[in-house]
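Heads up: the structure comes next, in structure tokens.
The values are calculated or read from the model by the stated rules, or taken from the named source; none is laboratory data. The model shown is predicted, which means the values in this text are computed figures rather than measured ones. Glycine gets a Cβ as well: all are built from the backbone with ideal geometry, and neighbour counts include every protein chain shown.
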Amino acid sequence: MRSVVRDTVKVELVEVKDASHKRPHYLALTTTLKATEFFRDDGSLHWTSASIELDAMYFAGPAWALLGERVCLMGGSTQYGDKVKLTNGGVVINIEQLKGLRIGSLMFSRIVAWAQQFPPDWLVVPISLSVVDARTPDAKERRNKFYRQFGIDFNFRTVDGIEEAEGSSRPDLTVGALLCPNRWENIQPLGHWGNALKAQLRRLDTSSEELRRARRQAHVHQRRLGSLEHWLRHIGAGITWPLVALAGVLGYAAAKLFG
């Protein structure tokens, strides 16, 4: 028995608008597709397996302290030849202030779209829900609504007096019954990180001109501004984050591609 593994890695930039901030958040979303073929000793194909992993990193934006932090890690895989699993153990946004922005919906929709390449009669491995995510009415409704948008129904149980507190998705759910929404008003995929690089360079050019203009104005109004040096450092800090973030995502992509 021998195996052949094929990996495909794509890194893209995703813009996420947030009503609580004037500027959007930017995520570097790395998608890794893996396919493994197992061959018998006579060279014939025995069976195949496939998986998908999505890893979202905070790339840039108003929450600059989060630069380089993992926002979410999700994944799916084929199971036993005729089943597909839509989670890798959890569907969780790790950063509290980014919850509710539909980042999880975007990533889960990519997994569902990947799953839809398989035969429609393949079964979906049941997803388990915990009462931990249903302690408040809002949390429970948000969780249940999340899965409903993908056509996933659950057999619920009441726990501690909380209805629909926990449960498992229907064991007869098939790939053909899954829904795959792919548009959200506040989320805009910007494409491959190479194109994102060009956009960041244009942003840097604009910011540099703004800095030069601010310096000229500062010399005219130096007395009113007070500490000119401190002020310019404050403005300058606003244009350094694209360079730092760019270096981070390029290093991350290189590690994925060549590591």
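Taking into account only those residues within the stretch 119-151 that are in a helix (DSSP H, G or I) and in contact with a Lys or Arg (Cβ under 6 Å, 6 or more places away or on another chain), which is surrounded by the fewest Cβ atoms within 10 Å (Cβ to Cβ)?
In the first step, residues of the stretch 119-151 are kept if they are in a helix (DSSP H, G or I); the result is 131-134, 137-148.
Filter once more, so that each one left must be in contact with a Lys or Arg (Cβ under 6 Å, 6 or more places away or on another chain): 133-134.
Working: Asp133: 17, Ala134: 23.
Per the stated criteria, the residue is Asp133.
When the residues of the stretch 71-89 are filtered to those that are among the hydroxyl-bearing types (Ser, Thr, Tyr) and in a loop (DSSP other than H, G, I, E, B), which remaining residue is farthest from the chain's Cα centre (by Cα)? Step through it out loud before you land on a result.
Applying the first criterion (among the hydroxyl-bearing types (Ser, Thr, Tyr)) to the stretch 71-89 yields 77-78, 80, 87.
Now drop any that are not in a loop (DSSP other than H, G, I, E, B), which leaves 80, 87.
Numbers: Tyr80: 27, Thr87: 14 Å.
Among those residues, the one meeting the criterion is Tyr80.
Can you tell me how many residues within the stretch 55-89 are within 15 Å of Leu27 (Cα to Cα), exposed (fewer than 15 other Cβ atoms within 10 Å of the Cβ) and without any contact (Cβ under 8 Å) to a residue 24 or more places away in the chain?
1
Of (1) farther than 18 Å from Arg110 by Cα; (2) in contact with a Leu (Cβ under 6 Å, 6 or more places away or on another chain); (3) among the aliphatic types (A, V, I, L, M), Ala56 satisfies all except one. Which?
All conditions pass for Ala56, except number (1).
Among the residues of the stretch 11-45, count how many are loosely packed, with under 14 Cβ neighbours inside 10 Å, part of a strand (DSSP E or B) and in contact (Cβ under 8 Å) with a residue 24 or more places away in the chain.
Of all residues in the stretch 11-45, those loosely packed, with under 14 Cβ neighbours inside 10 Å come to 19-23, 38, 40-45.
From the residues that got through so far, the ones that are part of a strand (DSSP E or B) too are 38, 45.
Within this subset, residues satisfying the condition of being in contact (Cβ under 8 Å) with a residue 24 or more places away in the chain are 38.
Qualifying residue count, the stretch 11-45: 1.
Does the stretch 90-108 contain any residue that is assigned by TED's automatic domain parsing to the domain that holds Leu179, surrounded by fewer than 19 Cβ atoms within 10 Å (Cβ to Cβ), among the hydroxyl-bearing types (Ser, Thr, Tyr) and under 20 Å from the mean Cα position of the chain (by Cα)?
Yes: one or more hits.
For the list (1) in contact with a helix residue (DSSP H, G or I) (Cβ under 8 Å, 6 or more places away or on another chain); (2) in contact (Cβ under 8 Å) with a residue 24 or more places away in the chain; (3) charged (D, E, K, R), I need the number of the one condition that Asp133 fails.
(2)
Just need a number here: residues in the stretch 152-188 that are surrounded by 13 or more Cβ atoms within 10 Å (Cβ to Cβ), without any contact (Cβ under 8 Å) to a residue 24 or more places away in the chain and within 24 Å of the chain's Cα centre (by Cα).
1
Need the failing condition index for Trp114 against (1) within 20 Å of the chain's Cα centre (by Cα); (2) buried (at least 17 other Cβ atoms within 10 Å of the Cβ); (3) not in a helix (DSSP H, G or I), just the number.
Against the list (1) within 20 Å of the chain's Cα centre (by Cα); (2) buried (at least 17 other Cβ atoms within 10 Å of the Cβ); (3) not in a helix (DSSP H, G or I), Trp114 comes up short only on (3).
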